[in-house]
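A short worksheet on the structure shown next.
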Amino acid sequence: MTKEEIITGLQNWEDMRGDASKLIACFEQGNCFFYDIDEIHPLSKKNLHAYPALTNYGEFKFFMIPAEFDTPEHAEDYNLHVTECSVFWTVGSGKIDDKEATERIERWRTHYQEWTHGQVKTEDGIFVAFKIHVGDFESHDAQVTLGLRANGQQYNPYSADLIVVNKDFELITSYNDYSEPVPPFGAAASSVDKFFLLSLTSA
(Lines give C-alpha, C1' and ligand atoms only; values in the text may rest on other atoms or scores of the structure.)
Protein backbone atom coordinates (compact mmCIF):
# COMPACT_ATOMS: atom_id res chain seq x y z
CA MET A 1 0.00 0.00 0.00
CA THR A 2 1.08 3.57 -0.52
CA LYS A 3 1.40 6.04 2.33
CA GLU A 4 -1.25 8.19 0.69
CA GLU A 5 -3.75 5.31 0.65
CA ILE A 6 -3.08 4.55 4.31
CA ILE A 7 -3.34 8.15 5.49
CA THR A 8 -6.47 8.74 3.42
CA GLY A 9 -8.16 5.63 4.82
CA LEU A 10 -7.35 6.57 8.41
CA GLN A 11 -8.34 10.19 7.93
CA ASN A 12 -11.66 9.23 6.38
CA TRP A 13 -12.38 7.12 9.46
CA GLU A 14 -11.36 9.90 11.83
CA ASP A 15 -13.56 12.40 9.99
CA MET A 16 -16.70 10.34 10.50
CA ARG A 17 -16.14 9.03 14.03
CA GLY A 18 -18.90 11.28 15.35
CA ASP A 19 -21.43 10.40 12.66
CA ALA A 20 -23.36 7.30 13.70
CA SER A 21 -25.18 7.01 10.37
CA LYS A 22 -21.96 6.90 8.34
CA LEU A 23 -20.37 4.46 10.79
CA ILE A 24 -23.36 2.15 10.59
CA ALA A 25 -23.13 2.26 6.78
CA CYS A 26 -19.55 1.00 7.16
CA PHE A 27 -20.45 -1.70 9.67
CA GLU A 28 -23.17 -2.94 7.32
CA GLN A 29 -20.43 -3.99 4.88
CA GLY A 30 -19.14 -6.75 7.15
CA ASN A 31 -18.09 -7.82 10.63
CA CYS A 32 -14.89 -9.81 10.06
CA PHE A 33 -11.80 -10.26 7.89
CA PHE A 34 -9.16 -12.92 7.18
CA TYR A 35 -5.55 -12.51 8.28
CA ASP A 36 -2.74 -15.07 7.87
CA ILE A 37 0.00 -13.97 10.26
CA ASP A 38 2.40 -16.76 9.23
CA GLU A 39 2.28 -15.70 5.60
CA ILE A 40 2.22 -11.94 6.07
CA HIS A 41 4.10 -11.13 9.29
CA PRO A 42 5.75 -14.36 10.51
CA LEU A 43 8.34 -12.53 12.63
CA SER A 44 5.88 -10.39 14.61
CA LYS A 45 7.05 -10.45 18.20
CA LYS A 46 4.19 -9.43 20.46
CA ASN A 47 1.26 -7.34 19.31
CA LEU A 48 -0.52 -6.38 16.13
CA HIS A 49 -2.38 -3.13 15.60
CA ALA A 50 -5.65 -3.22 13.65
CA TYR A 51 -6.87 0.13 12.31
CA PRO A 52 -10.35 0.65 10.87
CA ALA A 53 -10.26 2.66 7.66
CA LEU A 54 -12.50 3.89 4.87
CA THR A 55 -11.29 4.16 1.29
CA ASN A 56 -12.32 6.98 -1.02
CA TYR A 57 -14.57 4.41 -2.70
CA GLY A 58 -16.53 3.92 0.53
CA GLU A 59 -15.00 0.53 1.35
CA PHE A 60 -14.66 -0.39 5.05
CA LYS A 61 -11.25 -2.00 5.66
CA PHE A 62 -8.88 -2.91 8.45
CA PHE A 63 -5.18 -2.03 8.16
CA MET A 64 -2.99 -4.53 10.06
CA ILE A 65 0.56 -3.72 11.14
CA PRO A 66 2.92 -5.32 13.69
CA ALA A 67 3.41 -3.03 16.68
CA GLU A 68 7.18 -2.98 16.20
CA PHE A 69 6.73 -1.21 12.86
CA ASP A 70 4.02 1.15 14.11
CA THR A 71 6.56 3.61 15.51
CA PRO A 72 8.13 6.95 14.54
CA GLU A 73 11.35 5.05 13.74
CA HIS A 74 9.54 3.51 10.78
CA ALA A 75 8.07 6.77 9.48
CA GLU A 76 9.79 6.20 6.14
CA ASP A 77 8.77 2.58 5.55
CA TYR A 78 5.72 1.80 7.72
CA ASN A 79 3.61 1.37 4.58
CA LEU A 80 5.69 -1.69 3.63
CA HIS A 81 4.38 -3.45 6.74
CA VAL A 82 0.68 -2.56 6.47
CA THR A 83 -1.75 -5.20 5.20
CA GLU A 84 -5.14 -4.15 3.87
CA CYS A 85 -7.95 -6.51 4.88
CA SER A 86 -11.41 -6.43 3.34
CA VAL A 87 -14.45 -7.13 5.52
CA PHE A 88 -17.32 -9.55 4.99
CA TRP A 89 -20.19 -10.92 7.05
CA THR A 90 -20.17 -14.05 9.18
CA VAL A 91 -22.78 -15.22 11.66
CA GLY A 92 -20.24 -16.93 13.89
CA SER A 93 -20.92 -20.24 15.19
CA GLY A 94 -7.24 -15.14 27.33
CA LYS A 95 -9.19 -18.00 25.31
CA ILE A 96 -12.91 -17.70 25.47
CA ASP A 97 -15.32 -20.59 25.21
CA ASP A 98 -17.43 -21.20 22.14
CA LYS A 99 -20.63 -19.98 23.80
CA GLU A 100 -19.17 -16.63 24.90
CA ALA A 101 -17.46 -16.04 21.56
CA THR A 102 -20.63 -16.80 19.63
CA GLU A 103 -22.66 -14.52 21.90
CA ARG A 104 -20.24 -11.61 21.36
CA ILE A 105 -20.23 -12.08 17.59
CA GLU A 106 -24.01 -12.40 17.47
CA ARG A 107 -24.39 -9.35 19.74
CA TRP A 108 -22.44 -7.26 17.22
CA ARG A 109 -24.48 -8.63 14.33
CA THR A 110 -27.80 -7.73 15.96
CA HIS A 111 -26.91 -4.62 17.99
CA TYR A 112 -24.13 -2.73 16.19
CA GLN A 113 -26.47 0.03 15.04
CA GLU A 114 -27.83 0.73 18.52
CA TRP A 115 -24.34 0.42 20.03
CA THR A 116 -22.84 2.86 17.50
CA HIS A 117 -25.43 5.56 18.26
CA GLY A 118 -24.57 5.29 21.97
CA GLN A 119 -20.80 4.95 21.58
CA VAL A 120 -20.30 8.08 19.49
CA LYS A 121 -21.73 10.09 22.42
CA THR A 122 -19.19 8.77 24.93
CA GLU A 123 -15.89 10.43 25.87
CA ASP A 124 -13.82 7.82 24.00
CA GLY A 125 -16.09 7.73 20.97
CA ILE A 126 -15.75 5.04 18.31
CA PHE A 127 -12.56 2.98 18.18
CA VAL A 128 -9.60 4.09 16.06
CA ALA A 129 -7.53 0.91 16.48
CA PHE A 130 -7.24 -2.42 18.28
CA LYS A 131 -4.25 -4.04 19.94
CA ILE A 132 -4.18 -7.80 19.36
CA HIS A 133 -1.64 -10.20 20.87
CA VAL A 134 0.06 -12.34 18.22
CA GLY A 135 -0.68 -15.39 20.38
CA ASP A 136 -4.30 -15.11 19.29
CA PHE A 137 -3.31 -16.33 15.82
CA GLU A 138 -2.90 -20.10 16.21
CA SER A 139 -3.72 -21.20 12.69
CA HIS A 140 -2.96 -20.21 9.11
CA ASP A 141 -6.66 -19.70 8.47
CA ALA A 142 -7.59 -17.11 11.10
CA GLN A 143 -10.77 -15.07 10.81
CA VAL A 144 -10.93 -11.83 12.81
CA THR A 145 -14.46 -10.88 13.79
CA LEU A 146 -16.05 -7.86 15.41
CA GLY A 147 -17.98 -8.49 18.60
CA LEU A 148 -19.53 -6.69 21.56
CA ARG A 149 -18.23 -7.55 25.03
CA ALA A 150 -20.23 -6.77 28.19
CA ASN A 151 -18.40 -4.09 30.21
CA GLY A 152 -20.65 -3.73 33.28
CA GLN A 153 -21.49 -0.09 32.59
CA GLN A 154 -25.05 1.13 32.82
CA TYR A 155 -24.89 3.44 29.80
CA ASN A 156 -23.82 1.70 26.59
CA PRO A 157 -23.04 -1.56 28.43
CA TYR A 158 -20.89 -3.10 25.67
CA SER A 159 -17.37 -2.49 24.39
CA ALA A 160 -16.14 -3.21 20.88
CA ASP A 161 -14.14 -6.40 20.55
CA LEU A 162 -12.10 -8.28 17.94
CA ILE A 163 -12.24 -12.05 18.26
CA VAL A 164 -9.72 -14.25 16.45
CA VAL A 165 -11.45 -17.40 15.18
CA ASN A 166 -8.79 -20.03 14.49
CA LYS A 167 -9.70 -22.62 11.88
CA ASP A 168 -8.20 -25.83 10.55
CA PHE A 169 -9.59 -26.78 7.14
CA GLU A 170 -12.79 -24.79 7.81
CA LEU A 171 -13.28 -26.37 11.26
CA ILE A 172 -13.12 -23.91 14.16
CA THR A 173 -10.43 -25.01 16.61
CA SER A 174 -10.45 -22.13 19.10
CA TYR A 175 -11.61 -18.59 19.82
CA ASN A 176 -9.01 -16.17 21.19
CA ASP A 177 -9.63 -12.73 22.59
CA TYR A 178 -6.65 -10.76 23.86
CA SER A 179 -7.65 -7.65 21.94
CA GLU A 180 -8.18 -4.17 23.35
CA PRO A 181 -9.96 -1.29 21.61
CA VAL A 182 -8.25 2.10 21.38
CA PRO A 183 -9.24 4.49 22.84
CA PRO A 184 -9.01 4.22 25.77
CA PHE A 185 -5.22 4.17 26.01
CA GLY A 186 -4.94 1.88 29.03
CA ALA A 187 -1.92 0.30 30.65
CA ALA A 188 -1.23 -1.91 27.65
CA ALA A 189 -1.56 1.02 25.25
CA SER A 190 -0.43 3.84 27.48
CA SER A 191 0.06 6.55 24.89
CA VAL A 192 -0.67 7.49 21.32
CA ASP A 193 3.08 7.19 20.64
CA LYS A 194 2.60 3.42 20.53
CA PHE A 195 0.17 3.85 17.65
CA PHE A 196 2.23 5.91 15.24
CA LEU A 197 -0.29 5.71 12.40
CA LEU A 198 -2.73 7.73 14.49
CA SER A 199 -0.32 10.66 14.35
CA LEU A 200 -0.77 10.76 10.56
CA THR A 201 -4.37 11.98 10.84
CA SER A 202 -5.84 15.19 12.17
CA ALA A 203 -8.80 15.07 14.53
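The values are calculated or read from the model by the stated rules, or taken from the named source; none is laboratory data. Owing to the predicted nature of the structure, the values given are computational and were not obtained by experimental measurement. Here the Cβ is made from the backbone with ideal geometry for all residues, glycine too, and neighbour counts use every protein chain on show. Side chains included, ligands, DNA and RNA excluded: accessible areas come from the protein's heavy atoms. Shrake-Rupley method; radii C 1.70, N 1.55, O 1.52, S 1.80 Å.
If R₀ is 25 angstrom, what is the calculated FRET efficiency for the pair L80 and Q11, using the beta carbon separation as r and rounding to 0.05?
Numbers: r = 20 Å, r/R0 = 0.80.
The formula returns an efficiency of 0.80 here.
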Give me the accessible area of Y112, 1.4 Å probe, in Å² rounded to the nearest 10.
-> 20
Hey, rough spin-label estimate for T173 and K45, points 7 angstrom out along Cα→Cβ, what's it come to in nanometres?
-> 2.6
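What is the dipole size for the chain, taken about its Cα centre, with +1 at each Lys and Arg Cβ and -1 at each Asp and Glu Cβ, in debye to the nearest 20?
Details: 16 positive and 33 negative charges, 112 e Å.
Here the size comes out at about 540 debye.
What FRET efficiency do you get for N151 and D38 if R0 is 30 Å and r is their Cβ-Cβ distance, rounded to the nearest 0.05?
On the way: r = 32 Å, r/R0 = 1.08.
Rounded to the nearest 0.05, the efficiency is 0.40.
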Which of F60, N31, A50 sits farthest toward the positive end of the charge dipole of region 1-61, with +1 on the Cβ of Lys and Arg and -1 on the Cβ of Asp and Glu?
-> A50
Burial-style ranking of 61-72, 21-32, average other-beta-carbon count within 10 Å with highest first, yields 61-72, 21-32
Across region 120-127, in residue order, what do the Karplus-derived ³J(HN,Hα) couplings come to in whole Hz, using 6.51 cos²θ - 1.76 cosθ + 1.60 with θ = phi - 60° and x for Gly and Pro?
-> 5, 8, 7, 4, 6, x, 6, 4
Take the alpha carbon atoms of region 50-175, find their radius of gyration, then divide it by 2.2 N^0.38 Å using N residues; give the quotient.
-> 1.13
q = 0.13, 0.14, 0.15, 0.30 Å⁻¹: log10 I(q)/I(0) that the Debye formula gives for region 106-166, counting C-alpha atoms only = -0.39, -0.45, -0.51, -1.33
